[in-house]
1. From VAL42, VAL66, grab the single residue that is among the β-branched types (Val, Ile, Thr) and touching a residue at least 12 places away in the same chain (Cβ under 8 Å).
2. State all residues of the range 89-122 that are among the basic types (Lys, Arg) and either surrounded by 11 or more Cβ atoms within 10 Å (Cβ to Cβ) or touching a residue at least 40 places away in the same chain (Cβ under 8 Å) (or both); if no residue qualifies, say none.
3. Could you figure out which of (1) modelled with pLDDT of 95 or more; (2) exposed (fewer than 14 other Cβ atoms within 10 Å of the Cβ); (3) acidic (Asp, Glu) isn't true of ASP56?
4. May I ask you to say which residue of SER91, SER41 is within 30 Å of ASN9 (Cβ to Cβ) and part of a helix (DSSP H, G or I)?
5. Residue by residue through the range 63-88, note down the ones that are over 25 Å from TRP13 (Cα atoms) and either exposed (fewer than 12 other Cβ atoms within 10 Å of the Cβ) or at pLDDT below 95 (or both).
6. What about ARG51, is it part of a loop (DSSP other than H, G, I, E, B), over 27 Å from the mean Cα position of the chain (by Cα), surrounded by fewer than 11 Cβ atoms within 10 Å (Cβ to Cβ) and of a type in the set (Lys, Arg)?
7. Of the residues ALA99, ALA80, which is over 30 Å from GLU112 (Cα atoms), assigned to a helix (DSSP H, G or I) and either of a type outside the set (Phe, Trp, Tyr) or touching a Lys or Arg at 6+ places or on another chain (Cβ under 6 Å) (or both)?
8. Out of all the residues in the range 55-70, is one or more among the charged types (D, E, K, R) and not in a helix (DSSP H, G or I)?
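The values are calculated or read from the model by the stated rules, or taken from the named source; none is laboratory data. Since this is a predicted model, take the numbers as computed values, not measurements. So basically every Cβ, Gly included, is an ideal-geometry build from the backbone, and we count neighbours across all protein chains shown.
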Amino acid sequence: MPNWQPNWNNVRWDWGAADEAVNALRRAADLLDSSVQERLSVAREAQQEWRGRYRDQFDEELARIVARARDLAAQFREAAKRITTASQRASYEQHHREAERARWRREKEEEERRRRRRLRYY
């Protein structure tokens, strides 16, 4: 028997849930982007002839809303990227574990063959 042991446990990761989360985050980010464009388009119409203090307040609030939406969309995309990276790492680790198990079995089989050969000669 080889003098080492592979990790016999499978990686615990829900690839389906991870994919769903990534897709939901990307859809939400896209929705935020499109809502920003829609708000800016509608705001341009309102701003054409609007002057005064309330226009300034409106512009400031619009700028805050747009900045927050863009920031939130970027955060959603970053979260999706982190989940994708974690899924890739989990997949790599699972493949690594499976390869190590196969290597361990090959080594064990080779040791058994050598042992049987030795027994035949005695």
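1. Values: VAL42 fails: touching a residue at least 12 places away in the same chain (Cβ under 8 Å).
The match here is VAL66.
2. Of the residues in the range 89-122, the ones among the basic types (Lys, Arg) are 89, 97, 101, 103, 105-106, 108, 113-118, 120.
Correct list: ARG89, ARG97, ARG101, ARG103, ARG105, ARG106, LYS108.
3. (1)
4. On the way: SER41 fails: within 30 Å of ASN9 (Cβ to Cβ).
Result of the check over SER91, SER41: SER91.
5. Residues satisfying the conditions are ALA63, ARG64, ALA67, ASP71.
6. Details: part of a loop (DSSP other than H, G, I, E, B): yes; over 27 Å from the mean Cα position of the chain (by Cα): yes; surrounded by fewer than 11 Cβ atoms within 10 Å (Cβ to Cβ): yes; of a type in the set (Lys, Arg): yes.
Considered against the rule, which asks whether it is part of a loop (DSSP other than H, G, I, E, B), over 27 Å from the mean Cα position of the chain (by Cα), surrounded by fewer than 11 Cβ atoms within 10 Å (Cβ to Cβ) and of a type in the set (Lys, Arg), ARG51 comes out as yes.
7. Values: ALA99 fails: over 30 Å from GLU112 (Cα atoms).
Residue meeting the stated conditions: ALA80.
8. Of the range 55-70, the ones among the charged types (D, E, K, R) are 55-56, 59-61, 64, 68, 70.
Retained after the next criterion (residues that are not in a helix (DSSP H, G or I)): none.
Within the range 55-70, none of the residues are among the charged types (D, E, K, R) and not in a helix (DSSP H, G or I).
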